[in-house]
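Report on the following structure.
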Amino acid sequence: MLDPKVLRADPRAVADNLARRGFTFDAAMYAELEAERKAAQSEAESLQAQRNTLSKRIGEARQQGEDATEMMAEVTGLGEQLEHRQAALASIRQRLDAWLIGMPNLLDPEVPDGKDPQDNLELRRWGEPVEFDFEPLDHVQLSEHWGLLDMRQAAAMSGARFSVLQGELALLHRALTQFMLDLHTRQHGYEECYVPYLVNAASLEGTGQLPKFRADLFALDGEQHFLIPTAEVPLTNLLRDTILEASELPWKKIAHTPCFRAEAGSYGMDTRGLIRQHQFEKVELVLAVHPEESESALEELTIHAEAVLQALELPYRVVSLCGGDIGFAAARTYDLEVWLPSQKAYREISSCSNFRDFQARRIKARFRPDQEKSPQPVHTLNGSGLAVGRTLVAVLENHQSEDGSVQIPDCLAPWMNGVTRLGVAE
RNA sequence: GGAGAGGUGGCUGAGUGGCUGAAAGCGCUCCCCUGCUAAGGGAGUAUGGGCUGAUACCCCAUCGAGGGUUCGAAUCCCUCCCUCUCCGCCA
C-alpha cells in the first residue's frame, strides 16, 4: 500500500511514476475523494467530541441528583446527525481503501523503461553456455529415458502441469533443496522456518497477491483458505502487526515450501516438462530491513541467490525488470535467468525484489528507530534461492553427456548418497 | 466434532454502565541518593488518525473482530475468530 501522505502531497508525481507501469491513476478524482473524506471526518469527529462532553456532564449531573433531561434531549439530536456523518464517512473510506489496495507500488527511479520482458535490462552474466559437440536433450527426454520422470501418471491422477519424480531424480530434487537451505542458513545468515501452506485472504492481501490476482491462486473451502503461491506469503506475514526493535534488523528468514499456482492465462506456455507446474518446490528468502538499508539489501540478496547457481556451475545472467514487467508490489526486481541448452535461452529461476514499505504498510510491520521515536514501516524484500524444479531442469540439461547421463555437481555430494552421475546403466 | 473456561497496555493482572486509555505489580527510560555492588526515592513509559511548522497541545478511535442496546459500553446483548482444559477422532 502506498503511503497516503505521499499520495496526498503529490498525486501528480504518483500518477507519473505509475504510468511507467502502464497503470493509470486518476489524481484529480483521488484528490476530490480525499477532500470529501477529510471534511466528513472532521465533522464526524467534532460531533463525537460534543457528544462525549455532554454525556460526561449528564453523568456528573445525575450523580449530584440534578435533572439532566434537557441535556439528554440535546445529545439525542446529536446522535442522529452523527449517525449520518459516520455513514457517509464509512462509504468514502470504503471507496478510498478499495482504490488504495488496488494500486501498485511506486517504481524505483532505477527501474528501466519498457513494456515487456524484451525491455528488461541485462546487468551481468556469469559462466559460459556449454558448447555441446552433440545435440543436447531436454530434461524430459533425459529423465523419461531413465524412467525417473512420469508425466503420464501425474496427468492421470491430477491433470496437466503435474509431475512424478522417482528414484535418483527425486533424490537429486531433495538434495538440491537441502543444499540451498544449508547454504543460506550457514553462510548467509537466514533463519530456517517451517510455515503453513494454507493461508487466509488477509495474508495474501498483505503481500499483494490479493485482491488483484485471485485467478492465479488455488482456493479451498469457499475461499477460507488458499494454497500458498510462494513462501513469501507466510514468511512475510510473520511480521503482521509487529513492532521490531531496531536491533532486530535485518530480519532474515528462509523456508522451503511447495508452491501452488493456477497458471491461469498461461495456456500453451511452457507446456512441456517441469518448467511451469501447478505445484513446485521453492526455497524462499525473506528480509525486513531498515529503510536506509533496503537498496544494498537487494544487492546482497541477489548475490545470495547467485551463490547457488555458481556452486552448481550453471551459467546465468541477471536482469533488471522494466516498468512493464515488474510485479505489482515490487519497487525494483532483479531476475536471475539460468541458461537452458534445450531452449538455447536464459530462463527465469529466481526473482529478487525490494518492496520497500509497500507490504509493510499492508501488514503493519514496523520497527522503532530508537527509543522515544514512533514506529515506522520496515522495508521488506524477498527472493527465490532458488526455484527447485527449474534448478533440477538446469542441472540435468547443462551437465549432460553424450551418453545421456548427467554429472552431479560436487556441492551436492553430502545429500546424494554416493550417486555422482545420473542415468548410468548399473 | 462435543462440553466447559477465557481473550484487557511490552508482560502479569484488576476492572459488571459515566470520575477507566484503563488500578497494582513487573519490565524499560531518565533523574536523585549511594565508595563499588545491592537496596531506596521521584518522574515517565500504547497504537492509529485528525489538527499543526511540530514526533508540543488539543480532538477522535482502539480493552480479540464485527454488529446491537444506551445520552454514555472494557463492562449488557448477538454473531464470528482465537486460546486453554476435558472428551471424541487422528499422523
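The values are calculated or read from the model by the stated rules, or taken from the named source; none is laboratory data. Since the model is a prediction, treat every value here as computed from it, not as a measurement. FYI the Cβ positions are ideal-geometry reconstructions off the backbone, even for glycines, and counts take in every protein chain you see.
Overview of values
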{"read-out": "Boolean, A:PRO229 is surrounded by fewer than 23 Cβ atoms within 10 Å (Cβ to Cβ), in contact with a helix residue (DSSP H, G or I) (Cβ under 9 Å, 6 or more places away or on another chain) and within 30 Å of A:ALA345 (Cα to Cα)", "value": "yes"}
{"read-out": "Number of the condition not met by A:ILE92 [criteria: (1) in contact with a helix residue (DSSP H, G or I) (Cβ under 8 Å, 6 or more places away or on another chain); (2) at pLDDT below 90; (3) not in a helix (DSSP H, G or I)]", "value": "(3)"}
{"read-out": "Yes/no for A:ASP113 being loosely packed, with under 14 Cβ neighbours inside 10 Å, modelled with pLDDT of 95 or more and over 27 Å from A:VAL395 (Cα atoms)", "value": "yes"}
{"read-out": "Any hit, the range A:131-153, residues being under 30 Å from A:PHE23 (Cα atoms) and part of a loop (DSSP other than H, G, I, E, B)", "value": "no"}
{"read-out": "Residue ID - surrounded by the most Cβ atoms within 10 Å (Cβ to Cβ), chosen from residues in the range A:28-56 that are near RNA strand B (Cβ under 8 Å from one of its atoms) and of a type in the set (Ser, Thr, Tyr)", "value": "A:SER55"}
{"read-out": "Options A:VAL395, A:VAL424; residue that is β-branched (Val, Ile, Thr) and surrounded by fewer than 16 Cβ atoms within 10 Å (Cβ to Cβ)", "value": "A:VAL424"}
{"read-out": "Hits in the range A:227-272 - residues which are within 25 Å of A:MET180 (Cα to Cα), in a loop (DSSP other than H, G, I, E, B) and touching a Phe, Trp or Tyr at 6+ places or on another chain (Cβ under 7 Å)", "value": "A:ILE228, A:PRO229, A:LEU249"}
{"read-out": "Any hit, the range A:108-115, residues being within 11 Å of RNA strand B (Cβ to nearest atom) and either farther than 30 Å from A:ALA15 by Cα or in contact (Cβ under 8 Å) with a residue 12 or more places away in the chain (or both)", "value": "no"}
{"read-out": "Top-ranked residue of the range A:344-385 - restricted to ones that are of a type in the set (Gly, Ala, Ser) and part of a strand (DSSP E or B), ranked as farthest from RNA strand B (Cβ to nearest atom)", "value": "A:ALA345"}
{"read-out": "Whichever residue in the range A:62-99 is near RNA strand B (Cβ under 9 Å from one of its atoms) and of a type in the set (A, V, I, L, M) and, among such residues, is farthest from A:ARG362 (Cα to Cα)", "value": "A:ALA68"}
{"read-out": "Filtered residue count, the range A:249-288, keeping only those that are small (Gly, Ala, Ser) and touching a Cys at 6+ places or on another chain (Cβ under 7 Å)", "value": "1"}
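Results for (1) out of contact with any strand residue (DSSP E or B) (no Cβ under 7 Å at 6 or more places or on another chain); (2) without any contact (Cβ under 8 Å) to a residue 12 or more places away in the chain; (3) polar (S, T, N, Q), shown as yes or no for each residue.
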site: A:ALA170; (1), (2), (3): yes, no, no
site: A:GLN178; (1), (2), (3): yes, no, yes
site: A:THR185; (1), (2), (3): no, no, yes
site: A:GLU191; (1), (2), (3): no, no, no
site: A:VAL195; (1), (2), (3): no, no, no
site: A:ALA202; (1), (2), (3): yes, yes, no
site: A:GLN209; (1), (2), (3): yes, no, yes
site: A:PHE213; (1), (2), (3): yes, no, no
